[in-house]
Amino acid sequence: MARTPKPWLRKGRGWFVTIGDKQFNLGRDKKAAFQEFYRLMQRVPERRKVSGMSMAAIIDEFLEYSAKNRAPDTYRWYRDLLQKFIALHPDLRIEDIRPFHVQRWVDSYDHLSKTSRRNHMRSVKRCVKWAMTQGYIDRNPLEHLTIPSGERKETLVSEEEYRRVLEYARPDSLRDLLITTWETGCRPQESLRVEARHVDTTNRRWVIPASEAKGERMTRIVYLTDTAFEITLHLMTEYPEGPLFRTSVGTPWVAESVNCAMDRIRIRMGRVVMKQRKLSVSDAEIAEFATTLSPTRMVKGALCDKTSAELRYEAKVKLSNRLAASLVPRYSLYAFRHSFATHALQRGVDSVTVAVLMGHSDPSMLAKVYQHLTQNPGFLLDQAKKIRA
């Protein structure tokens, strides 16, 4: 709790008082000093100047800055999230934004993961902080917005799981991306951006210049196994310019399309588990969920009402997919990368070499993030026995 301002005597110099963050000299005479103190305390506080700009205008300025000063993926990440926020608050002014605006926005989504909730909130808080540092506002109204921690991605993909994922992976272009990530341990942003011009065929590797690599500090080199090299050569022939890894219709794979494809794999695998366990959603669950769905749909530009049968079918499909997904781990390109590190360490590759292969300048990153040896107690027990053997 802040202290109430009170005059104090500085020997040889007179009376002083600190109000807010400013110190005032009240003079040497005590009576006059206190009169001046009372006058200062009765002053109407000076109104702080605010920009008067709308939140939409601030977001536009921030996105323009991001487009010029950040990586394209970073710009798109902010753009997609901030556009969703401003769609909910189109008339909000920057000086009026409060933490509850952001909290309610995030809470309006039913099935966001912890990491997604964190990212939604981070995007708005970062934008408002940028506005303050640029001088659009003189204080940060979201300074006390609490950002939740994200989920740790603990999925370790075994050799058997990897083969099963490939069985359900469609189309072949997705299989190529999964196989290459599994074989090399590359970052998703590296495989999604690599082009023919990055390929060093003589040494069987990708060479990504520092200006295009993560952190933009050092050249990233990805060494290719025979399988990964064969895939790379095939894609170079098919796509001599632009990203190598593309969908079946020729558009480059991006994070969103990969995530959607992995979710479809998860649902396919989960459907098999449902059939094996004879699991299904009940009629009561379907009927209840159908009441929460939108009662209309667009047909050739016209808004039409859904029939009760259509609503029940939609509810059944969505609930069945949700149940199927809950029965299978959520696989991702990063899960494949994490598993590359763990499998390498288990097979005796030293941590420095693994760090270099994965593009880390500091081997301690392996211990902090990418190795999942704690999930293999048998391996650790064998290693412990070797110490005293």
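Any read-out appearing in this document is the output of simple, stated calculations on the displayed coordinates, not a laboratory observation. A quick note: this is a predicted structure, and the numbers were derived from the prediction, not measured. Positions of Cβ are backbone-derived with ideal geometry, glycine not excepted, and every protein chain shown enters the neighbour counts.
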>> Need one number: convex hull volume per residue for the chain, Cα atoms only, in Å³.
In response: 275
>> Taking the 0 to 90 degree range and rounding to the nearest ten, how far is the long axis of helix 159-168 tilted relative to the main principal axis of the chain, both from C-alpha atoms?
In response: 80
> How high is the relative contact order of the chain, in percent, with contacts defined as C-alpha pairs under 8 Å that are six or more residues apart?
Replying inline: 12
>> What number results when the radius of gyration of region 105-225, computed over Cα atoms, is divided by 2.2 N^0.38 Å?
In response: 1.48
> Along the Cα-to-C-beta direction of residue 255, a point sits 7 Å from the Cα; which residues of region 107-150 have their amide N less than 18 Å from that point?
Replying inline: 112-127, 148-150
>> With angles folded into 0 to 90 degrees, how steeply does helix 72-88 sit against the dominant principal axis of the chain? Use alpha carbons for both and round to 10.
In response: 60
> About its Cα centre, how strong a charge dipole does the chain have in debye, to the nearest 20, once Lys and Arg get +1 and Asp and Glu get -1 at the Cβ?
Replying inline: 2060
> Of 293, 364, 269, whose Cα points farthest to the positive end of the dipole of the chain (charges on the beta-carbon: +1 Lys, Arg; -1 Asp, Glu; origin at the Cα centre)?
Replying inline: 364
>> Using the crude model of +1 on Lys and Arg Cβ and -1 on Asp and Glu Cβ, and no other charge, please compute the dipole size for region 166-255 relative to its Cα centre, in debye to 20.
In response: 300
>> At R0 = 30 Å, how high is the FRET efficiency between residue 362 and residue 201 if r is their beta carbon distance? Nearest 0.05 is fine.
In response: 0.50
> Compactness ratio of region 280-326: Cα Rg over 2.2 N^0.38 Å, N = residue count?
Replying inline: 1.24
> So how tilted is helix 30-42 from the main axis of the chain? Cα-based, degrees 0 to 90, rounded to 10.
Replying inline: 50
> Quick one: what does P(r) look like for region 55-133 with 10 Å bins over all Cα pairs, in whole %?
Replying inline: 18, 56, 25, 1
> Given H placed 1.01 Å from N in the peptide plane, which residues other than close sequence neighbours of residue 246 have an amide H under 5 Å from its amide H?
Replying inline: 253
> In whole angstrom, how far apart do the alpha carbon centroids of region 193-216 and region 312-364 sit?
Replying inline: 23
> Average projected area of the Cα convex hull of region 226-375, in nm²?
Replying inline: 14.8
